[in-house]
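The values are calculated or read from the model by the stated rules, or taken from the named source; none is laboratory data. Fair warning: this is a prediction, and the values are worked out from it, not measured in the lab. We place every Cβ from the backbone using ideal geometry, glycine too, and count neighbours over all the protein chains shown.
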Amino acid sequence: MKLRITVPALRLPDRLRRTLQIPLSTLYISKNWVKELNIEYCVGDIVSKNQKCKYMIVDGKTHREKFEEKLSGYKIVNPRGTLSLNTLTILKAKRIRNLHVIGEEDLIVLGIGSEYKATIAYGQPYIGVVVVNSTPYWTTNIIKAFKPDIDVYE
């Protein structure tokens, strides 16, 4: 029997999907992964593995395929295509060193940026690493376009 979790979330509208696939800031292109940038937040498994970062957010997958078996950190549920209210609350409440996301971590970049002025690195699939110097004003304006939703995660 599968466990079903009801998750209040903000859902990415379809009209913003293509826009957010474009790098949000500086893109470091490399066939071999860019390594050892000094970053405050790393979002994504490969980026977290290859960069020097203070905070890591991973989901154990890369390109939707299993990446690593052993993940440590505070567990949060963040379904695909959403920014869960649980995630936003955890980001606001305290700075936890490692977050293990059950679901998908991609949009958490926006959640971090809405809370803190921070340097954030995330992977640009098949291309390299994007480094964003976020500000709460800029990121909050993007999140305002998201739609409230209740997601059932299994």
Exercise. Mind listing just one residue for me: the one in segment 1-37 that is among the aliphatic types (A, V, I, L, M) and out of contact with any strand residue (DSSP E or B) (no Cβ under 8 Å at 6 or more places or on another chain) and, of those, modelled with the lowest pLDDT?
Key: Met1
Quiz item: From the list Lys35, Lys54, which one is in a loop (DSSP other than H, G, I, E, B), among the basic types (Lys, Arg) and either over 14 Å from the mean Cα position of the chain (by Cα) or within 14 Å of Gln124 (Cβ to Cβ) (or both)?
Solution: Lys35
Exercise. Hey, can you tell me all the residues within segment 11-32 that are of a type outside the set (D, E, K, R) and in a strand (DSSP E or B)?
Key: Thr26, Leu27, Tyr28, Ile29
Practice problem: Would you check which residues across segment 1-58 are hydroxyl-bearing (Ser, Thr, Tyr) and surrounded by 14 or more Cβ atoms within 10 Å (Cβ to Cβ) and list them? | Solution: Tyr28, Tyr41, Ser48, Tyr55
Practice problem: List every residue pair whose Cβ atoms sit under 7 Å apart, with the two residues 6 or more apart in sequence or on different chains, where the first one lies in segment 34-51 and is polar (S, T, N, Q) and the second, anywhere, is not in a loop (DSSP other than H, G, I, E, B). | Solution: Asn38/Lys52; Ser48/Cys42; Ser48/Met56; Ser48/Val58; Gln51/Ile39; Gln51/Cys42; Gln51/Ala121
Quiz item: If we keep just the residues of segment 83-141 that are among the aromatic types (Phe, Trp, Tyr) and assigned to a helix (DSSP H, G or I), which is surrounded by the fewest Cβ atoms within 10 Å (Cβ to Cβ)?
Solution: Tyr137
